[in-house]
Amino acid sequence: MAEYDFKIEYKPAYSLLKINLQNQSITAETGAMVYMDSSIDIKTNMSGGLMGALKRAVVGENIFLNKFSGTGILALSPNYVGDIVHHELDGALYVQSGAYMASSPDININTKFGGTKSFFGGKGLFLMKLEGKGDVFLSSFGALETVELNDESLIVDNGNLVGFTDGLSYSLRRIGGLKSSLLGGEGVVYEFKGTGKIYIQTRNMESFADFLMKYLPIGKK
């Protein structure tokens, strides 16, 4: 059962998370707050101390986190056009850089070594690892789809992966041959096997950036 009384509005492109805090606290990424009741207190700190901050830095997250406490309405949103999903954590959840938005304050934010293959896949050497029991809110670029595997396998483009639960094994590899990579628009993918939940975003940030580059003047003075 969810710890917070919340609702997610304006899905899937312009999602807004509204949490009705009842003498509660929640941790969130800096810059995620849209508005809040004046009765809510905000404190910014390096959750987990210097070591915790360094662990977040290696996965491309902010060093500092905000802790909101009190009673009243708090509204949070991602920094980009996209969706929000709620996950009831009881164990471990692994997420890509930029996907974490907020969580219960007792959830531990750690890192998991993704192997050198993840580095060459353009996602860095580490994934964010969320551990404990409580609520987690993730954000996506575009709409967000949840896929549940039951002793099955699934291939996900590395740019569309948001996160996945513990219990799934994965490997990062190229799909097809050199021709597919160069001409087919497909490159590095995650291959998941086992039983668990995978969060997938419908838009790829890297592909969108490449699309915009075609319309931006280069070297214009």
Near pairs, Cβ below 8 angstrom, 6+ apart or cross-chain, from the stretch 1-18 (farther than 20 Å from residue 89 by Cβ and among the hydrophobic types (A, V, I, L, M, F, W, C)) to any residue that is part of a strand (DSSP E or B) and open to solvent by less than 30 Å² (accessible area, probe 1.4 Å): 13/82; 13/142; 16/75; 16/76; 16/84
In the stretch 28-49, which residues are within 11 Å of residue 76 (Cβ to Cβ) and either assigned to a strand (DSSP E or B) or free of Cβ contacts under 8 Å to residues at least 12 places away in the same chain (or both)? 28, 29, 33, 34, 35, 36
Could you check, for the stretch 212-219, whether at least one of its residues is at pLDDT 70 or above and assigned to a helix (DSSP H, G or I)? yes
Determine if the stretch 20-32 includes at least one residue that is within 29 Å of residue 204 (Cβ to Cβ), modelled with pLDDT under 95 and surrounded by fewer than 16 Cβ atoms within 10 Å (Cβ to Cβ). yes
Among the residues of the stretch 61-104 satisfying the criterion of being at pLDDT 95 or above and not in a strand (DSSP E or B), which is surrounded by the fewest Cβ atoms within 10 Å (Cβ to Cβ)? 104
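The values are calculated or read from the model by the stated rules, or taken from the named source; none is laboratory data. The shown structure was predicted, so the numbers you read here are calculated from the model rather than taken from an experiment. As a convention, Cβ positions derive from the backbone with ideal geometry for all residues, glycine included, and neighbour counts pool all protein chains shown. These accessible areas exclude ligands, DNA and RNA; they are computed on the full protein's heavy atoms, side chains included. Shrake-Rupley method; radii C 1.70, N 1.55, O 1.52, S 1.80 Å.
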